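Working notes for the structure below.
Read the figures in this text as sums done on the coordinates, not as results from a lab. If you're wondering where the values come from, they're calculated on a predicted model, not measured in any experiment. Every residue, glycine as well, gets a Cβ built from its backbone with ideal geometry; the counts of neighbours run over all protein chains shown.
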Amino acid sequence: MKSLHTTNALPSKVTIVEVGPRDGLQNEQQHLDTDKKINFINRLSTCGLPVIECSSMVSSQWIPQLADAEEVINKIDRHPGVRYPVLVPNEKGMQRALAAGATSVAIFIAVSESFNQKNVNCSIDESFTRFEPVMALAKAAGIEVRGYLSCIMGCPYEGKIKPMKVATIARHLIELGCYEVSLGDTIGAGTPLQAQRLVQTISKQVPVEQLAIHFHDTRGQALANIFACLELGITTIDAAVAGLGGCPYAKGSSGNVATEDVVYMLEGMGIETGIDLRALSEAGNMICQQLKRSSHSKVGRLYQ
Ligand code: MG
């Protein structure tokens, strides 16, 4: 199907990064047993997803929901052609990830000083210092590293964020050796033209091919923001099946955009994702049942 726009061509293919088992589950109230998490990731592996972020090596004191990261990484069935990144906060986390057999990792930083302090208890500069040994270990092991940037269109503590600030930190992550930077609208504050202006500003410093978008649907803007960024050449989109995760800054609100909804929109526009929407929706509905919550995916609910 051809885009209605004559000036901005849409991509023919998009890579979806499924973040439900990590970003999603870490923000769910209900804890899941380890075998249920493994089963969930194994189900997702059969849906055609190319990337499934499976856990995080942060201290279990901070995020008790993911205290079983090693066991999860170790026991999942790894499908050929699927990548299974793990979040690492520092050198110790990286060592744990390597010992557990991780073959892909991600580091994370906020573009707001206040958020970074509250999230990882150090300044942005200190975060970059912590990343150096992580990158060295990754390089030695031949492992790719993704960089996550949070609060790109607003911070719960500092409010508005300047696009140039986001661009500078994104470039810094690439210079450090990240193959890709995921731009996270952590509080779901952005709107489509703001998202376009931001991507335009960043892409003057980082090639658009190395940018991914990670939008939250807290204010119902995620799909519109994604479409706006597709027009600028973005081809990697983060999403969480069933919209897992919620929003830690607004109780009961939506968080991560639901993968099912993103896939439906993309495929409907003739953009290939390689994902089996029915299988994905069924996996999302299964995990919602286990978490005793309803799905945040409008498309997913049609498959109940
Ligand atoms: Mg998220």
Looking at the stretch 136-215, what % of its DSSP beta bridges pair antiparallel, to the nearest 5? 10
Give me Val17, Val299 ranked fewest to most by other Cβ atoms within 10 Å of their Cβ, as a rough exposure proxy. Val299, Val17
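Could you tell me the calculated FRET efficiency between Tyr249 and Thr129, based on Cβ-Cβ distance and R0 = 25 angstrom, to the nearest 0.05?
0.35
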All Cα pairs of the stretch 15-301, percent lying beyond 27 Å: 33
Give me Met153, Met265 ranked fewest to most by other Cβ atoms within 10 Å of their Cβ, as a rough exposure proxy. Met265, Met153
What ranking do 32-40, 158-166 get when scored by the average of other Cβ atoms within 10 Å per residue, highest first? 32-40, 158-166
Taking C-beta distances below 4.7 angstrom as the pairing criterion, name the unpartnered cysteines of the chain, in sequence order. Cys47, Cys54, Cys122, Cys178, Cys229, Cys247, Cys288
Aspartates and glutamates whose Cα lies under 17 Å from that of Lys37, excluding same-chain neighbours fewer than 8 positions away: Glu18, Asp23, Glu28, Glu53, Asp68, Glu70, Glu71, Asp77, Glu282
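Placing unit charges on C-beta atoms (Lys and Arg positive, Asp and Glu negative, everything else neutral), compute the dipole magnitude of the stretch 15-301 about its Cα centre in debye, rounded to 20.
Here the size comes out at about 440 debye.
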Separation of the Ala136 and Arg78 label points, Cα + 7 Å toward Cβ, nm: 2.5
When the helix-only estimate is applied to the chain (DSSP H runs of n ≥ 4, each -39,500 (n - 2.57), divided by the residue count), what is the mean residue ellipticity at 222 nm, nearest 500 deg cm²/dmol? -11500 deg cm²/dmol
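Between rounded, prolate and oblate, where does the stretch 181-304 land on the alpha carbon gyration tensor, with a ≥ b ≥ c its root eigenvalues, rounded for a/c under 1.5, else prolate if a/b exceeds b/c?
On the way: a/c = 2.36, a/b = 1.48, b/c = 1.60.
Oblate.
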Based on DSSP, what percent of beta bridges with both residues in the chain are antiparallel, to the nearest 5? 5
Longer than 20 Å from Cα to Cα, which of Lys118/Lys160; Lys165/Lys204; Lys92/Lys251; Lys92/Lys139 are they? Say none if no pair is. Lys92/Lys251
Could you tell me the relative contact order of the stretch 71-166? Use alpha-carbon pairs under 8 Å, at least six residues apart, and round to a whole percent. 29
